[in-house]
Amino acid sequence: MLRQDGARIAPKRRAVVDHRKRQFAASEWKEHTYPHRLNFYREPPTADITLEQFEQWAIDRLRVLAELEACSFRNKTPAETAAHMKPLMDKYLPLSASSSNSPSLALERKKDHYSHFILRLAFASTEDLRRRFARVESSLFRLRFQSDDARERGGFVKGLKLEWEAVGEEEKKEILPELVAAGQGRKATEMVDEGWFKVDWMKVPELVEGRRVFLKSGWAYVPGREQMSMVLAEFTAQLDKALEQTSRALPRLDED
């Protein structure tokens, strides 16, 4: 993110390295585009930012995450948390909808992208810090997902290309009694009309624990209304994996 030009010479290889040649391939520095308000943070940012932006963006995101964690400690309900966090998020970490045509939209999304990765580095060193970071980032993602425009949210989810499989009408009819039984009192007609997905049951532990899905042959049959839980579970799983990778890379980053 903070660009350094010129060749670096690895200390341990001074005796065998040709000092006239660059040791590493040139990095690709580019600006990211942000077609969606939401972000899974799959790709690290590579373009330049100032030291002031680096520091201030990290501080602003930390303020939001710290307050989210405090809401959890105070046992606030989801509705109370959303109401409490909205002014703070609007002030320190705003994210305008694509339909808003806000002149600051690109900068808001860039700040969100960079600040996430800055704090990911800061919180990757220990298991406890990684767990805390993943928990509050997942809470932040949930708040944003719930407040997102339905059309934008649908476009974002479609672009994720997650390992879901839509349940066809024939299969739905075959297992309709089981789906109704898992529907917590909903009518059969409602179950038929609703879209269903099937996914590896290990990817939706929250739904399995709450008995809100039907399990068969390793698949969890999830109603469309539970889409948020599926997306959130995938977000958390990918972030956990990314934090582990960052943790393993920290020693090399310290050497640089």
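Coordinate-derived values only; no laboratory data. In this text the structure is predicted, and so the values were computed from the model without any measurement. All Cβ positions, even for glycine, are placed from backbone atoms using ideal geometry, and neighbour counts span all protein chains on display.
For segment 93-98, take each phi angle, set θ = phi - 60°, evaluate the Karplus expression 6.51 cos²θ - 1.76 cosθ + 1.60, and give the result in whole Hz per residue in order, putting x for glycine and proline.
9, x, 9, 7, 6, 4
Separation between the LEU160 and THR33 pseudo-spin-labels, each 7 Å from Cα along Cα→Cβ, expressed in nm?
My value for the distance between the label points is 2.2 nm.
What is the distance, in nm, between label points placed 7 Å from the Cα along the Cα-to-Cβ direction at LYS216 and at GLU178?
Once both label points are built, they end up 0.4 nm from each other.
So if I take the centroid of the Cα atoms in segment 26-86 and the same for segment 183-252, what is the distance between those two points in Å?
So the separation of the two Cα centres works out to 24 Å.
Whole-Hz Karplus ³J(HN,Hα) for segment 76-81, in order, using 6.51 cos²θ - 1.76 cosθ + 1.60 and θ = phi - 60°, x for Gly and Pro?
Running phi through 6.51 cos²θ - 1.76 cosθ + 1.60 with θ = phi - 60° gives 5, 6, x, 5, 5, 5 Hz.
Using the per-residue mean of other Cβ atoms lying within 10 Å as a proxy for protection, in what order, highest first, do the peptides 34-44, 105-115 fall?
Order by mean packing, descending: 105-115, 34-44.
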